[in-house]
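Undergrad: The structure under discussion is supplied below as structure tokens; questions concerning it will follow.
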Amino acid sequence: MWEIAKKDLLLFRKDKKALFLSFLLPIVLISLFAAIYGGVDGKAKSKPQQISICDQDNTSLSAEIISNLRNEPALEIELIDFEEGKKKVLSGKRTALLCFYSGFADSVNQGKIAPMELFFDDAKKMEIGLMQKALMSNIMRFVGEKGGKAHVKSFINQKYSDLPEEILDEINRDIDVEFSDEASTNSSFNSELTVTALSIQENIRWGLIQAVAGTLIMMLLFSMAGMGNSILQEKENGTLKRILFSTLSPYSFLFGKMLSAYLVALIQISVLLLFSYFVFGLNLFFNPFGLIIMVLSTAFAATAFGTFIATLGSTQKQVESIYTIVIILMSAIGGSMIPLFLMPDFLQKAAMVSINYWAIQGFYDVLGRDNSWMEFLIKPLVLFGFGLISSFFAAYFFHRRIYKEYK
Amino acid sequence: MIDVRNISKSYGEIKALKSLSLHIKKGEFYSLLGPNGAGKTTCINLMGGLMLPDSGEIFLDGTDIKTIKKQTKAKIGIVPQEIALYNDLSARENLLFWAKIHRISAHGLNEKIDAILNFMDLADRSNQAISSFSGGMKRRINIAAALVHNPDILFFDEPTVGIDPQSRAFIYSIFKALKDEGKTILYTSHYLEEVEKLSDRIGIIDHGEMLMEGSFEELKKKSGLKESISIRFANIEDKLMQLLKNTPLIQSSLALGGSFSNEKCEFIGNKRSEDLSQIVRLFADHAVLIHQIDIQPVDLEQVYLCLTRTLRSS
């Protein structure tokens, strides 16, 4: 068995294409996904959304709102004519057009519905969703403040119109003081919701962890597919038949193949984790013992699964197609390509049938989450289970579909 | 050494072997001849213990193949039709792998491999990947891989397919050396000249049945053929060629594997003087100008063709 593994490792070392696919490509992909998820330096920012603003009101209030929006880093503001602004949105050059119609400031000051409108590119609904927070918090702060003051004043003047004029003036002055900027800053009514990210240690780069774990498991499955496919390669070039003529048992051949694939998987995972540690500063020492368990279990599940798929087909070409479909599907639903939280509920549940899901969740645990050992261990246990079941079926189909051909 | 008793093997509906028996003595060079699909490779697969017969028995060195042990399997070396090696590994790496697969001790293994590479005239290319080898060199290393564990029994399944005459001549010398070493060899090939020169005995199989078995001389005697008469003559027209081909004399030769063209006739018969005079008379009657007449003993190819045609028609 060891001789088969040793020979395969030697062949793997000499196969430049396999080395590229197993190490260089995953490194490139990890770097790419890490950049996408903002994990490279932990401060990566996305490109600001380009918004056109048409100020038909042209008052100090609208100017103040626009000035505040200009200071918002998530937005890039451009003042524009209404028709031109609409054209730019329709042509996809701008995400949205915000229009303050004339009478905007008056309506706000009178506590009425302020005439303003946001036009957006229907094809960019997602971007609108992302910039909504920056846009709305700014506008609503002003509208709420000015509109609120006007509304309170109007209510007091109408309700208590029989009060002496001096008292009403004093009340109005008090309202002005209460709604002034200084007062608003100290007011508990106007305080914004404080948002604090909770994690067991500071500066955990979840984007980087997602990029590393997701890419690592996807590329590992592709590598193991290549290793598994070598069983059929040996069948096609006649070396399997020659081996079966020797004193070696067919199962020693199969498990020798799995052993070499397992060793390659361990090396691949280790190299990719070390790359992420040295280049991106991924903390591998958050739970080192757990990390070792994850590496061993993920490698085992991927190896056994790759071997199992190889035994399903009759030719290399046939199996290559099966691999491509299965791995892409598993990676897509398992969270390798898209983070799970972005998926609908039913897909998040379906993800559990994939190796990717359990591996990614396990790596999240050992690289940053504060889970108990029991909560964590379920993930490597499921992966070992995947591995054992796949190994059983690999042996079954190897005997039934490949070895039996010679019988 | 190899005792095959009434073995039958089917693949689904196809009967690959039908109650085939053969016995190969220790140190004997036995060739199995037959057309493609005759059952030669199945026979080798069964004798090598790769598969089991549906019925019948096979004994290798006295051991029933059904209860074959690792020690008995280690006595077998097989050279398959295809180059069953790892292209990206060097000749030495390939041989080391096959030696270890046969559980050969590492002690002195490098020296053994050096000796085999020398024997195969591949010592100077030992560290090069075999993907860079010529067809003939690949065939030689394919044979070498079957010799690394020094087996007593060798199965060669068409080991010289697709190589140039020089390489074939070299491989022929390897077979001769192995035969002289006393190896028991089962050999299949479509190159009957090699078979004729190397074989102690020859078995002819077709449709999974042993048609005939014996030494070349025995087979020649059974065929009744003695010599072939090769006649070269001035080019004749197609019409005349057809006329001559349809005569009973030429028809009988064609039935035994002879040939007839516009300028050459390969006549096969079993009564030399009588045949020769009849041919000369036939050609003279039709005013065909004879240029040259050669009389040679029949070779294995002619005997094989004659026997298979006769046996098939009967």
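Undergrad: Tell me the helices (runs of 4 or more DSSP H) entirely within the stretch A:1-118 that contain at least 3 residues that are in contact (Cβ under 8 Å) with a residue 24 or more places away in the chain. Lay out the reasoning, then the answer.
TA: On the way: elements: A:2-14, A:16-19, A:25-36, A:60-70, A:82-90, A:104-109.
Result: A:2-14, A:25-36, A:60-70, A:82-90, A:104-109.
Undergrad: Right, here's the next one. Could you list, in sequence order, all residues of the stretch A:269-292 that are closer than 30 Å to A:Phe393 by Cα, hydrophobic (A, V, I, L, M, F, W, C) and either in contact with a Pro (Cβ under 9 Å, 6 or more places away or on another chain) or not assigned by TED's automatic domain parsing to the domain that holds A:Phe397 (or both)?
TA: A:Val271, A:Leu272
Undergrad: Restricting to the stretch A:205-246, and then to whatever is surrounded by 19 or more Cβ atoms within 10 Å (Cβ to Cβ) and outside any helix (DSSP H, G or I), can you tell me which residue is modelled with the lowest pLDDT?
TA: This residue is A:Arg205.
Undergrad: Same structure, new question: For A:Val295, state whether it is modelled with pLDDT under 90 and either of a type in the set (A, V, I, L, M) or outside the structural domain of A:Gln348 (by TED's automatic domain parsing) (or both).
TA: No: the conditions fail for A:Val295.
Undergrad: Next question. Go through the residues of the stretch B:64-71 one by one and say whether even a single one is surrounded by 13 or more Cβ atoms within 10 Å (Cβ to Cβ), in the same structural domain as B:Leu22 (by TED's automatic domain parsing), closer than 22 Å to A:Lys7 by Cα and not β-branched (Val, Ile, Thr).
TA: As a first pass, look at the stretch B:64-71 and keep what is surrounded by 13 or more Cβ atoms within 10 Å (Cβ to Cβ): B:65, B:68.
Of the ones still in play, those that are also in the same structural domain as B:Leu22 (by TED's automatic domain parsing) are B:65, B:68.
If we keep only those that are closer than 22 Å to A:Lys7 by Cα too, we end up with none.
No, the stretch B:64-71 has no match at all.
Undergrad: So, in the stretch B:110-129, of the ones that are of a type in the set (A, V, I, L, M) and away from chain A (no Cβ under 12 Å), which residue ends up surrounded by the fewest Cβ atoms within 10 Å (Cβ to Cβ)?
TA: Looking at the filtered set, the residue picked out is B:Ala115.
Undergrad: Also: Looking for something within 14 Å of another protein chain (Cβ to nearest Cβ), surrounded by fewer than 21 Cβ atoms within 10 Å (Cβ to Cβ) and without any contact (Cβ under 8 Å) to a residue 12 or more places away in the chain - is there at least one such residue anywhere in the stretch A:371-391? First the steps, then the outcome.
TA: Narrowing the stretch A:371-391 to residues within 14 Å of another protein chain (Cβ to nearest Cβ): none.
Among the residues of the stretch A:371-391, not one is within 14 Å of another protein chain (Cβ to nearest Cβ), surrounded by fewer than 21 Cβ atoms within 10 Å (Cβ to Cβ) and without any contact (Cβ under 8 Å) to a residue 12 or more places away in the chain, which makes the answer no.
Undergrad: While we're here: Might you let me know whether the stretch B:264-273 holds any residue that is without any contact (Cβ under 8 Å) to a residue 12 or more places away in the chain and among the aliphatic types (A, V, I, L, M)?
TA: No.
Undergrad: Could you count how many residues in the stretch A:243-273 are polar (S, T, N, Q), within 14 Å of chain B (Cβ to nearest Cβ) and free of Cβ contacts under 8 Å to residues at least 60 places away in the same chain?
TA: Going through the stretch A:243-273 one residue at a time, the tally reaches 3.
Undergrad: Turning to a different aspect of this structure: Could you tell me whether any residue of the stretch A:274-296 is within 14 Å of chain B (Cβ to nearest Cβ) and outside any loop (DSSP other than H, G, I, E, B)?
TA: Going through the stretch A:274-296, the residues within 14 Å of chain B (Cβ to nearest Cβ) turn out to be none.
No, because not a single residue in the stretch A:274-296 is within 14 Å of chain B (Cβ to nearest Cβ) and outside any loop (DSSP other than H, G, I, E, B).
Undergrad: On to the next question. I need the full set of residues from the stretch A:262-291 which are among the aliphatic types (A, V, I, L, M) and out of contact with any helix residue (DSSP H, G or I) (no Cβ under 9 Å at 6 or more places or on another chain), in order please.
TA: Result: A:Leu274, single match.
Undergrad: Can you find a residue that is surrounded by 13 or more Cβ atoms within 10 Å (Cβ to Cβ), more than 13 Å from every other protein chain (Cβ to nearest Cβ) and under 28 Å from the mean Cα position of the chain (by Cα) anywhere in the stretch B:93-109?
TA: no
Undergrad: While we're looking at this one, here's another question. Take the residues in the stretch B:70-84 that are part of a loop (DSSP other than H, G, I, E, B) and more than 7 Å from chain A (Cβ to nearest Cβ), then tell me which one is modelled with the highest pLDDT.
TA: Per the stated criteria, the residue is B:Ile83.
Undergrad: Just to be sure, is B:Ala144 among the hydrophobic types (A, V, I, L, M, F, W, C) and modelled with pLDDT of 90 or more?
TA: Yes, satisfied.
Listed here are the residues, each with its yes/no results for (1) in contact with a helix residue (DSSP H, G or I) (Cβ under 9 Å, 6 or more places away or on another chain); (2) under 30 Å from A:Ala261 (Cβ atoms); (3) at pLDDT below 85; (4) buried (at least 20 other Cβ atoms within 10 Å of the Cβ).
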| position | (1), (2), (3), (4) |
| --- | --- |
| A:Ile4 | yes, yes, no, yes |
| A:Phe12 | yes, yes, yes, yes |
| A:Ala18 | yes, yes, yes, no |
| A:Ala34 | yes, yes, yes, yes |
| A:Gly42 | yes, no, yes, no |
| A:Lys45 | no, no, yes, no |
| A:Ile51 | yes, no, no, yes |
| A:Gln56 | yes, no, no, no |
| A:Ala63 | no, no, no, no |
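Undergrad: Quick check on the stretch A:308-323. Is at least one of its residues at pLDDT below 90, closer than 22 Å to A:Ser270 by Cβ and assigned to a helix (DSSP H, G or I)?
TA: Checking the stretch A:308-323: not a single residue is at pLDDT below 90, closer than 22 Å to A:Ser270 by Cβ and assigned to a helix (DSSP H, G or I).
Matching residues to (1) more than 14 Å from chain A (Cβ to nearest Cβ); (2) buried (at least 22 other Cβ atoms within 10 Å of the Cβ); (3) among the hydroxyl-bearing types (Ser, Thr, Tyr); (4) assigned to a helix (DSSP H, G or I):
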residue: B:Lys26; (1), (2), (3), (4): yes, no, no, no
residue: B:Ala38; (1), (2), (3), (4): yes, yes, no, no
residue: B:Thr41; (1), (2), (3), (4): no, no, yes, yes
residue: B:Leu50; (1), (2), (3), (4): no, no, no, no
residue: B:Glu57; (1), (2), (3), (4): yes, no, no, no
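Undergrad: Among B:Phe233, B:Phe267, B:Phe283, which is the only one that is surrounded by 13 or more Cβ atoms within 10 Å (Cβ to Cβ), in contact with a strand residue (DSSP E or B) (Cβ under 7 Å, 6 or more places away or on another chain) and within 23 Å of B:Phe216 (Cα to Cα)?
TA: B:Phe267
Undergrad: Go over the candidates B:Lys197, B:Lys179 one by one and state the one that is buried (at least 19 other Cβ atoms within 10 Å of the Cβ), away from chain A (no Cβ under 14 Å) and of a type in the set (Lys, Arg).
TA: None of the other options fit; the residue is B:Lys179.
Undergrad: Looking only at the stretch A:308-321, count every residue that is crowded, with 16+ Cβ neighbours inside 10 Å and either without any contact (Cβ under 8 Å) to a residue 24 or more places away in the chain or on the phi > 0 side of the Ramachandran plot (or both) and tell me the total.
TA: 0
Undergrad: May I pose another question? B:Lys25 - would you say it is more than 24 Å from A:Arg242 (Cβ to Cβ) and under 18 Å from the mean Cα position of the chain (by Cα)?
TA: Yes: the conditions hold for B:Lys25.
Undergrad: When you go through A:Ala350, A:Ala359 one by one, which is the residue that is of a type outside the set (Asp, Glu) and in contact with a Leu (Cβ under 9 Å, 6 or more places away or on another chain)?
TA: Result of the check over A:Ala350, A:Ala359: A:Ala359.
Undergrad: Which residues, counting only those in the stretch B:136-179, are closer than 19 Å to B:Arg92 by Cβ and not in a helix (DSSP H, G or I)?
TA: Answer for the stretch B:136-179, where residues must be closer than 19 Å to B:Arg92 by Cβ and not in a helix (DSSP H, G or I): B:Val148, B:His149, B:Asn150.
The values are calculated or read from the model by the stated rules, or taken from the named source; none is laboratory data. On a predicted model such as this, the values are computed, not experimentally measured, just so you know. So basically every Cβ, Gly included, is an ideal-geometry build from the backbone, and we count neighbours across all protein chains shown.
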